[in-house]
1. Looking for something within 16 Å of the ligand (Cβ to nearest atom), under 25 Å from residue 47 (Cα atoms) and either β-branched (Val, Ile, Thr) or assigned to a strand (DSSP E or B) (or both) - is there at least one such residue anywhere in region 227-236?
2. Six or more apart or on different chains, Cβ atoms under 8 Å: show the pairs whose first residue is in region 25-45 and under 22 Å from residue 181 (Cα atoms) and away from the ligand (no atom under 14 Å from the Cβ) and whose second is at pLDDT below 95 and not basic (Lys, Arg).
3. For region 1-24, enumerate the residues that are over 19 Å from the mean Cα position of the chain (by Cα) and either within 16 Å of the ligand (Cβ to nearest atom) or not in a helix (DSSP H, G or I) (or both).
4. Name the one entry in 52, 88 that is away from the ligand (no atom under 11 Å from the Cβ), over 20 Å from residue 215 (Cβ atoms) and in the same structural domain as residue 227 (by TED's automatic domain parsing).
5. Give the residue, chosen from 126, 113, 174, that is within 16 Å of the ligand (Cβ to nearest atom) and of a type in the set (Lys, Arg).
6. Report yes if residue 81 is within 13 Å of the ligand (Cβ to nearest atom) and within 17 Å of the chain's Cα centre (by Cα), otherwise no.
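The values are calculated or read from the model by the stated rules, or taken from the named source; none is laboratory data. It should be emphasised that the depicted structure is a prediction, and the values quoted were computed from it without experimental measurement. Note that we place each Cβ from the backbone using ideal geometry, even for glycine, and neighbour counts take in every protein chain shown.
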Amino acid sequence: MSKVTVKTIQKIKDSGEKFSVLTAYDYSTAKYLDEAGIDVILIGDSLAMVALGYETTHSVGVDEMKIFTRAVAKGVKNAMVITDMPFLSYHTDISSAVKNCGEMIKCGANGVKIEGYSEYILSVVKRLVETGIPVMGHLGFTPQFLNTLGGYKIQGKTKEAAKEILKQAKELEKAGAFSIVLEMVPQDAAKYITENLTIPTISCGAGKFCTAQVLVSDDVFGKYSDFTPKFARKYGDMKEFIINCAKEFDSDVKSGKFPNDKEIF
Ligand code: KIV
């Protein structure tokens with residue numbers, strides 16, 4: 001398999017095929033996802049909750065995202081590595097947006113994801129692409145706007161709302177975005193948006209008609225248990241696995257079974 005790039009992603013959309021996106025926050029998880037053939041690995045700001053235990057994504061910053069980006073990029077050979085730009089890292093002015101996004105590229109990312117839509121966001125996307133930084137957009141429910149959206153709410157429920165998301169997506173596409181995450185959008189609306197865009201859409205709880213599907217890997221592995229969204233599918237039970245391994249180790253230490261003769265110098 002060769003390195004996944006913006007060109008690969010567009011070819012997949014053009015041929016009517018699908019691609020997979022999972023989050024990773026550390027070196028070995030990223031390495032295994034890459035080995036498994038995942039096409040895009042996202043250092044999501046969801047790490048604020050699932051890796052750092054914060055309440056929302058707002059608390060994570062550029063310096064933390066740089067550390068996680070470096071770790072993930074080191075583990076990946078083929079997948080495209082995208083860093084989710086944290087809250088306030090691209091909102092104040094274009095030059096700090098370019099600087100902060102550029103830092104992630106220096107840490108090994110192949111592109112960045114930024115949330116939302118406005119005239120300002122469009123100019124940020126344009127400038128980033130001119131700088132050589134591929135941009136993944138993110139529309140529908142955008143967690144960094146949690147407080148203004150008034151909670152975890154499905155977006156694009158009416159015809160008008162779906163049309164508005166399509167309008168925003170088209171403008172992001174025109175500004176140079178190479179793909180767009182649609183989060184918590186009804187399946188029919190996401191289908192309509194996907195069919196009317198040239199670039200791929202990535203479903204995060206937006207149904208099966210998008211070009212790609214993204215999930216938080218801790219939900220997929222059954223590792224994070226504080227909250228699981230309705231659209232996430234659990235493929236394993238890492239929480240139970242970790243607890244069982246830790247219990248056995250604890251018991252082996254206390255009973256004197258660990259270490260054995262092969263585990264000593
Ligand atoms: O932060 C994240 O992990 C995300 C994806 C789930 C799209 O934004």
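1. Within region 227-236, one or more residues are within 16 Å of the ligand (Cβ to nearest atom), under 25 Å from residue 47 (Cα atoms) and either β-branched (Val, Ile, Thr) or assigned to a strand (DSSP E or B) (or both).
2. Listed by first residue and then by second, the contacts come to 37/1.
3. 1, 2, 15, 16, 17
4. From the options 52, 88, the qualifying one is 88.
5. The conditions single out 113.
6. The answer is no for residue 81.
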